[in-house]
Amino acid sequence: MIFCQSSASSRFCTYSIFFWLTFFHSCPTAGFIKSPLSEFRLTGESVALHCEAVGRPMPEIQWWFEADASNESFAQLWDGARENHVQMNATYVFHAASTLNLFNLNLEDSGTYECRASNDPDRNHLTKSPRIKWIRSQANVIVLDHPQIITDTPDALGGELLMCNLTDPNFQISGHQWFKGHKLVHEDKESSPITTYNITKVSVESSGQYTCKFLTVPELSADVNVTVPPHVVAYKKTEHSNEGDTGVMTCKSNSYPLVEHWMWYKTSEDGSVQSIVNGTDERYIIKSTGNKTELRIHQLDIEKDQGEYICNGTNVLGTSGETVTLRVRSRLAALWPFLGIVVEVLILVTIIFIYEKRRKPDEAPEDEDGGSAPLKSNAGANHETVRQRNSS
């Protein structure tokens, strides 16, 4: 199938689709548009070979195999052959496409794999000879025995150097890579069969699974584990919850290897420690996954559940723990701030009321003594002045 992935190549894709559709409708015999490629693999790995063909009518695809270490001729493969060692996926939509998958390769899988296609209606007839021969496309699969890589693992006593040694000199090395998990931490272009990586210190932060990879054909790799005892820490050393709610306490460990077993304990007032497991009380639920554990307590009781809890993590190198304090507040705890504000307002209103009642009479404003006297008018004086000026 042909897909256009960008506008820049839309014209090219249009021409390609037109070409293949024209070829598909005009070509009576089958033809390959994709052939399988030769592969190098190591024992225990897997490989996939892909083949596509077009024609009218639509061709059928078959897979055949001829071993390198055998004098036998090609033998047909089918889905589920060799105790499901061989699996095939085929689609027949616009054209024929088939993928041959080989799993858990061994040295006997080395050989020539042949993709055959034919659209002759008599191709599988038992008595008639096909008019059109099968077309063929071959690929070689070379399976090599996995060479030994000697690794050196540091310890917590001071070893800081990780090392991998490829003992087979027949592989051409073009460089090395070191990974911590999926993160690339070192790379070089040296051809030495020995590669090393120096870590600062064997600690919780540097612990983990490292992978050394030799850049060969095919690529070779080995794992180097830096291990330490568990280092358990709490998300919060003090958790606060309200009575009747659900309390949640969480612990984790970032060390390698992962914690294999988590345990929770509760410290009583007399100093004794009681273990908590699922099923002891319906209110207690523990969920643990690798490097994390979580304790949930439903319907918190201020008398029973408040106190100190201990989470312990154990792996093959030891055990570590952390203490978490759970504080349970009363249901009315959230109302105390509101009640305090209400009380303050009431006190303030009371003080203002008492102050107004006890104020002295002479402190009252003039507009509170029954009204003020009318202002004297000088209208008469002005009138006399006007008359005198007119008489003169």
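The values are calculated or read from the model by the stated rules, or taken from the named source; none is laboratory data. Everything numeric in this text was worked out from a predicted model, so none of it was measured. So basically every Cβ, Gly included, is an ideal-geometry build from the backbone, and we count neighbours across all protein chains shown. These accessible areas exclude ligands, DNA and RNA; they are computed on the full protein's heavy atoms, side chains included. Shrake-Rupley method; radii C 1.70, N 1.55, O 1.52, S 1.80 Å.
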Q) Using a 1.4 Å probe, what is the accessible area per residue for segment 26-70, in Å²? A) 46
Q. What is the Rg over Rh value, at two decimals, for segment 111-211, using alpha-carbon atoms and the Kirkwood definition of Rh?
A. 1.37
Q) Full extension from Asn278 to Lys357: what is 0.36 nm times the residue separation minus their Cα-Cα distance, to one decimal in nm? A) 21.7 nm
Q.
Using only the alpha-carbon atoms of segment 45-166 as identical scatterers, what base-10 log of I(q)/I(0) does the Debye formula give at q = 0.11, 0.12, 0.15, 0.20 Å⁻¹?
A. -0.51, -0.58, -0.77, -1.14
**Q.** segment 36-102 and segment 234-311: distance between their alpha carbon centers, rounded to Å
**A.** 55
Q: Evaluate the distance, in nm, between pseudo-label points positioned 7 Å from the Cα of Ser38 and of Ser73 along their respective Cα→Cβ axes.
A: 2.4
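Local charge sum around Glu187 (other residues, Cβ-Cβ under 14 Å, Lys/Arg +1, Asp/Glu -1)?
Details: positive: Lys180, Lys183, Lys189, Lys213; negative: Asp188, Glu190, Glu219.
In short, +1.
What is the local net charge at Asn291, summed over the other residues whose Cβ is closer than 15 Å to its Cβ (Lys, Arg +1; Asp, Glu -1)?
On the way: positive: Lys252, Lys287, Lys292; negative: Glu205, Glu260, Glu294, Glu322.
Here the count lands on -1.
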Q. Expressed in whole Å with the largest first, what are the equivalent ellipsoid semi-axes of segment 73-137 derived from the C-alpha gyration tensor as the square root of 5 times each eigenvalue?
A. 25, 15, 11
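Relative to the Cα centre, what is the charge dipole magnitude of segment 136-280, using +1 at the beta carbon of each Lys and Arg, -1 at the beta carbon of each Asp and Glu, and rounding to the nearest 20 debye? Please report the intermediate quantities before stating the final value.
Details: 10 positive and 17 negative charges, 72 e Å.
Around 340 debye, computed over segment 136-280.
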Q | Solvent-accessible heavy-atom area per residue, rounded to whole Å², over segment 107-202 at 1.4 Å | A | 62
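Out of the total accessible area of segment 25-105 (probe 1.4 Å, heavy atoms of protein only), what percent is carbon and sulfur? Working shown, then result.
Working: 2210 of 4380 Å².
Within segment 25-105, the accessible surface is 50 percent carbon and sulfur.
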Q: Taking the Cβ of Asn140 as the centre, find all other residues whose Cβ is under 9 Å away and add up their charges (Lys, Arg: +1; Asp, Glu: -1).
A: -2
Q. Which part of segment 166-201 falls in the paramagnetic zone of Glu160, meaning amide N under 17 Å from the point 7 Å along Cα-to-beta-carbon?
A. 196-201
Q: Set the Förster radius R0 to 30 Å, insert the Cβ-Cβ distance between Leu348 and Val233 as r into 1/(1 + (r/R0)^6), and round the FRET efficiency to 0.05.
A: 0.05
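Rounded to the nearest 20 Debye, what is the dipole magnitude of segment 199-295 about its Cα centre when Lys and Arg each give +1 and Asp and Glu each give -1 at the C-beta?
Values: 9 positive and 12 negative charges, 79 e Å.
Computed about the Cα centre, the dipole is about 380 debye.
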